[in-house]
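Asks: One structure is given below, represented as structure tokens, and several questions about it will come after.
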Amino acid sequence: MTQAKLETEVSKYMSYVLRHAPEAAGLTLDAEGWVSFDELEKALMSKYGVSRADIIAVIENNPKKRFTLAHNRIRANQGHSVDVDLALNPSEPPATLFHGTSLVNWQSIEREGLQKIQRHHVHLSADVETAKIVATRRKGEYLILRVDAARMFSEGHSFFVSDNGVWLAESVPVQYLSPDTGTP
Ligand code: HQG
């Protein structure tokens, strides 16, 4: 396996473990999602034979900066389904945010707004390109939604931003959504 392929595989497994299934690697997350880096290293070493330096390369080369390593602890920056509280501070969002999804979801989104489904928050991007990347990873035709974050915020909804720049909200009621037509 090439080094790049190995890095991707390790990164995917780290996302799985740190967001959804720490017990799969014999780990326990603390209340804010952190785990000892030494323990994660042990688990990755036995599964993939990777060294500490390899794991640090995975973290540093991750295109979306999905992990934070600090004080010998590591956590995923967003995307959890397990019960953690990332203790993010509410922030004022940019005027417009974007969400990429499958076109087939639109009927249901139009009825009930964007819901967090199995994650802790709805994930939104500050730029349309990122939303497009999320959308095109899904099957079939995609849809980019524009979120009127300025109005949503002024009407009392909270926003949070993860350490890697993903905007998060509890939900997005449909009155703040419109399909993105490419024109501002
Ligand atoms: C959809 C990746 C029907 C929603 C990305 C999405 C992201 C509805 C799916 C991160 C709905 C949930 C998260 C409704 C929402 N009816 N469908 N009412 N409300 N949906 O994976 O945002 O690579 O939980 O549109 O970059 O796609 O993992 O969320 O299609 O930041 O770091 O239900 O995953 O990041 O899917 O992706 P997900 P997402 P990572």
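The values are calculated or read from the model by the stated rules, or taken from the named source; none is laboratory data. Since the structure is predicted, the reported quantities are computational estimates derived from the model, not experimental observations. Counting neighbours? That spans all protein chains shown, and the Cβs are built from the backbone with ideal geometry, glycine included.
Asks: Inside region 153-174, can you point out the residues that are part of a helix (DSSP H, G or I) and touching a residue at least 40 places away in the same chain (Cβ under 8 Å)? Don't jump to the end; show me each part of the working.
Replies: Filtering region 153-174 for residues part of a helix (DSSP H, G or I) gives 153-154, 174.
Residues satisfying the conditions are Phe153, Val174.
Asks: Kindly list the number of the only condition in (1) away from the ligand (no atom under 12 Å from the Cβ); (2) surrounded by 15 or more Cβ atoms within 10 Å (Cβ to Cβ); (3) among the small types (Gly, Ala, Ser) that fails for Ser154.
Replies: The single condition Ser154 does not satisfy is (2).
Asks: Then there is this: Given the conditions (1) in contact with a Lys or Arg (Cβ under 6 Å, 6 or more places away or on another chain); (2) more than 8 Å from the ligand (Cβ to nearest atom); (3) farther than 27 Å from Ile59 by Cβ, and given that His80 satisfies all but one, which numbered condition is not satisfied?
Replies: (3)
Asks: A further question follows. Report, by residue number, each residue of region 112-126 that is of a type outside the set (A, V, I, L, M, F, W, C) and either at pLDDT below 95 or surrounded by 15 or more Cβ atoms within 10 Å (Cβ to Cβ) (or both). Let's see the steps before the verdict.
Replies: Step one: filter region 112-126 for residues of a type outside the set (A, V, I, L, M, F, W, C), giving 112-113, 115-116, 118-121, 123, 125.
Gly113, Lys116, Gln118, Arg119, His120, His121, His123, Ser125, listed by residue number.
Asks: Which ones in region 119-135 are more than 20 Å from Gly33 (Cβ to Cβ) and either away from the ligand (no atom under 11 Å from the Cβ) or in a loop (DSSP other than H, G, I, E, B) (or both)?
Replies: Once the filter is applied, which keeps residues that are more than 20 Å from Gly33 (Cβ to Cβ) and either away from the ligand (no atom under 11 Å from the Cβ) or in a loop (DSSP other than H, G, I, E, B) (or both), region 119-135 yields Ala126, Asp127, Val128, Glu129.
Asks: Check Glu32 against each of (1) in contact with a helix residue (DSSP H, G or I) (Cβ under 9 Å, 6 or more places away or on another chain); (2) loosely packed, with under 14 Cβ neighbours inside 10 Å; (3) not basic (Lys, Arg) and name the one condition it does not meet.
Replies: Condition (1) is where Glu32 drops out.
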